[in-house]
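Trainee: I have a structure I would like to understand better, so I am pasting it below and will then ask my questions one at a time.
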Amino acid sequence: MKRWLFALIAVPTLLVGCGEKKEALPEPEVPQIPDVEILTPKEVSLNETIELAAHVEQGGQNVDDAVVEFEVWESGKRDEGQMINGKLEKDGVYKASTTFDHDGVYYMYAHTTANGVHNMPKQQIIAGSPDMTQVLPEDEKSNNSIDNNMMNHSNNSSDNTEHDDEKKDEKNHH
């Protein structure tokens with residue numbers, strides 16, 4: 001009987017004691033969006049090696065382990081663009097090189113991922129002396145292949161739905 005009495009008192013006391021020792025778990029740190037400053041000139045000469053460059057900071061500190069890819073395309077020809085891997089030079093500055101062989105307006109994204117967070121600033125680059133009246137307006141949605149694929153997929157699925165409805169109607173008539 002004494003054992004039961006001891007158990008009735010000891011167990012709740014131990015449980016209450018354990019409940020009071022709660023330690024607050026530290027909040028997980030959410031990485032800040034990397035600050036990416038494009039260092040590439042906005043106007044360049046033809047047939048010369050051009051340095052594509054970006055300085056990457058996060059939380060006010062240079063980031064020397066980011067992934068930087070420069071996406072470059074001519075106005076109106078986003079689907080023909082190219083991705084060029086940036087290499088760390090020093091102090092958070094990443095560089096790659098390219099050459100523009102004809103007059104035109106080009107665009108560049110500096111796709112940057114630092115500590116799992118992505119940022120992609122964009123810059124216009126004028127190469128040589130393009131006829132600005134011939135430059136196509138840069139429309140993000142029409143040039144974004146992901147959006148186009150999603151739109152095409154939506155259109156295809158609605159066509160398939162209509163086609164499936166027709167098949168159901170045929171089955172119902174037989």
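The values are calculated or read from the model by the stated rules, or taken from the named source; none is laboratory data. Note that the structure is predicted; figures quoted are calculated from it, not measured. All Cβ positions, even for glycine, are placed from backbone atoms using ideal geometry, and neighbour counts span all protein chains on display. To get the accessible areas, we keep the full protein, side chains included, count just its heavy atoms, and leave off ligands, DNA and RNA. Shrake-Rupley method; radii C 1.70, N 1.55, O 1.52, S 1.80 Å.
Trainee: Among K122, K90, K95, which is the only one that is loosely packed, with under 11 Cβ neighbours inside 10 Å and either under 30 Å from G59 (Cα atoms) or modelled with pLDDT under 85 (or both)?
Mentor: K90 is the lone residue from the list that is loosely packed, with under 11 Cβ neighbours inside 10 Å and either under 30 Å from G59 (Cα atoms) or modelled with pLDDT under 85 (or both).
Trainee: Checking the conditions here, which among D169, D147 is surrounded by fewer than 13 Cβ atoms within 10 Å (Cβ to Cβ), of a type in the set (D, E), within 26 Å of the chain's Cα centre (by Cα) and at pLDDT below 95?
Mentor: Sole residue among the options that is surrounded by fewer than 13 Cβ atoms within 10 Å (Cβ to Cβ), of a type in the set (D, E), within 26 Å of the chain's Cα centre (by Cα) and at pLDDT below 95: D147.
Trainee: Take the residues in region 64-79 that are under 17 Å from the mean Cα position of the chain (by Cα) and modelled with pLDDT of 95 or more, then tell me which one is most open to solvent (accessible area, probe 1.4 Å).
Mentor: Here the residue is D65.
Trainee: Please work out if A54 is at pLDDT 75 or above and of a type in the set (G, A, S).
Mentor: So A54 passes the test.
Trainee: Residues to consider are T112, T40; find the one that is modelled with pLDDT of 95 or more and in contact with a Pro (Cβ under 9 Å, 6 or more places away or on another chain).
Mentor: Result: T112 is the single residue among T112, T40 that is modelled with pLDDT of 95 or more and in contact with a Pro (Cβ under 9 Å, 6 or more places away or on another chain).
Trainee: In addition: I need every pair where a residue in region 102-114 that is free of Cβ contacts under 8 Å to residues at least 60 places away in the same chain has its Cβ under 7 Å from the Cβ of a residue that is of a type in the set (K, R), sequence separation at least 6 or different chains.
Mentor: Y107/K122; Y109/K122
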